[in-house]
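Okay, so here's the structure we're looking at.
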Amino acid sequence: METKIFKPNEIHLLADLAKEGAIIAFPTETVYGLGVVYDNEEAFNNLVKVKDRKIDKPFTLMLDYTRDIGNYAILNNKITNLIDVFMPGELTLIIEAKPNLPKHVTLGSKYIGIRVSANYQVANLLNLVGKPLLVPSANKRDEKPALTCDEVYENFKGEIAGILEGKTTSHIPSTIIKVSDKIELIREGSIPFNLIQEVWEEEV
C-alpha cells in the first residue's frame, strides 16, 4: 500500500479515502490520530492490526459537533454541563453508550469514549466524511504518539492510506474521564482533573 501525504487544501481527498474504509491520519490539537469510519467493521479490524492493539479495548468515537454526542451516548444535565464547559477541546468522556451502536464500537461494554476536537481541520474532515470516526492516537502499542506528519509516515508507511499535513499544539494526549453517577480519572492530560471535578460538582 502506498501512503500518501495530503496538503490541507486536499483534505477532501483524505475524506474520500476514509469513506472507502481506509485508515487515515490527521493532526488534532493534542497529538496525531489515526481514524476509520465507525460503522465499518473491516476497517475497525484493520485499525486494530495496524495499531497492534488488544482486541478488547474500544476506540474513541470522534465527532465534529458537540450537539451530536446525544446521538451516540446517554446524557444527563451534569454530563451536558461538562460538555458545555470543556468541549470541543482536549477531553475524552467515557459515558454510557446508546444501545444501537455497532458491536465492534463498544466491544460489549456499556460505555463509549467520546471526543470532539477543537482543531478546525478535524471538524472539517469529519464534516466531509459525513460520519464519526474511531480515533486512537497515531502510535503502535506501548510507543509514544506521533506529533508530526513525518513521524506518522515513518511509523505507518505502507500500512495506512493517507496522512494530512498539519501541526499539533499541546503535544499532550487528552484528559480521559469516565462518567456515571460519579466521575473517575482514567488519564490526566492537558486539562487538570481538579478543574473537571469543580464543574461536575456545580449545581445544574
Open item on the list: Taking the conditions exactly as written (in a strand (DSSP E or B) and under 18 Å from the mean Cα position of the chain (by Cα)), does ILE172 satisfy them or not?
Closed with: no
- [ ] Scan GLU143, GLU151 and give me the residue that is closer than 21 Å to ILE5 by Cβ, surrounded by fewer than 23 Cβ atoms within 10 Å (Cβ to Cβ) and either of a type in the set (Lys, Arg) or modelled with pLDDT under 95 (or both).
- [x] GLU143
- [ ] Starting from region 175-204, take each residue that is within 16 Å of ILE95 (Cα to Cα) and list its partners that are basic (Lys, Arg), counting only C-beta distances under 6 angstrom and pairs at least six apart or across chains.
- [x] ILE176/ARG187; GLU184/LYS178; ILE186/LYS178
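How many of the residues in region 42-58 are in a loop (DSSP other than H, G, I, E, B) and either touching a helix residue (DSSP H, G or I) at 6+ places or on another chain (Cβ under 7 Å) or of a type in the set (S, T, N, Q) (or both)?
Residues meeting the conditions: 2.
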Open item on the list: When you scan region 78-96, do you find a residue that is surrounded by fewer than 14 Cβ atoms within 10 Å (Cβ to Cβ), modelled with pLDDT of 95 or more and either farther than 16 Å from VAL135 by Cα or aromatic (Phe, Trp, Tyr) (or both), even just one?
Closed with: yes
Open item on the list: So, in region 69-100, how many residues would count as being under 30 Å from ILE11 (Cα atoms), of a type outside the set (Val, Ile, Thr) and in contact (Cβ under 8 Å) with a residue 60 or more places away in the chain?
Closed with: 6
Task: Within region 167-178, considering residues that are of a type outside the set (D, E, K, R) and modelled with pLDDT of 95 or more, the one farthest from ILE24 (Cα to Cα) - done: ILE177
TODO: Check ASP16, ASP39, ASP68 and return the single one that is assigned to a helix (DSSP H, G or I), over 24 Å from PHE193 (Cα atoms), within 15 Å of the chain's Cα centre (by Cα) and modelled with pLDDT of 95 or more.
DONE: ASP68
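Of ASP56, ASP64, ASP52, which residue is charged (D, E, K, R), closer than 25 Å to PRO8 by Cβ and touching a residue at least 12 places away in the same chain (Cβ under 8 Å)?
Details: ASP56 fails: closer than 25 Å to PRO8 by Cβ; ASP52 fails: closer than 25 Å to PRO8 by Cβ.
Among ASP56, ASP64, ASP52, only ASP64 is charged (D, E, K, R), closer than 25 Å to PRO8 by Cβ and touching a residue at least 12 places away in the same chain (Cβ under 8 Å).
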Task: When residues of region 7-25 are limited to those that are buried (at least 21 other Cβ atoms within 10 Å of the Cβ) and touching a Gly at 6+ places or on another chain (Cβ under 6 Å), the one nearest to SER137 (Cα to Cα) - done: ILE24
TODO: Kindly list the number of the only condition in (1) part of a loop (DSSP other than H, G, I, E, B); (2) of a type in the set (Val, Ile, Thr); (3) within 16 Å of the chain's Cα centre (by Cα); (4) modelled with pLDDT of 95 or more that fails for ILE160.
DONE: (3)
Task: Residue list for region 106-136, filter: assigned to a loop (DSSP other than H, G, I, E, B) and within 14 Å of the chain's Cα centre (by Cα) - done: SER117, ALA118, ASN119, LYS131, PRO132, VAL135, PRO136
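For ILE163, are the conditions met, namely being over 29 Å from GLY70 (Cβ atoms) and aliphatic (A, V, I, L, M)?
Spelling it out, ILE163 is indeed over 29 Å from GLY70 (Cβ atoms) and aliphatic (A, V, I, L, M).
The values are calculated or read from the model by the stated rules, or taken from the named source; none is laboratory data. This structure is a prediction, so every number in the text was calculated from the model and none was measured. Cβ sites come from the backbone with ideal geometry, for glycine too, and all protein chains shown count toward neighbours.
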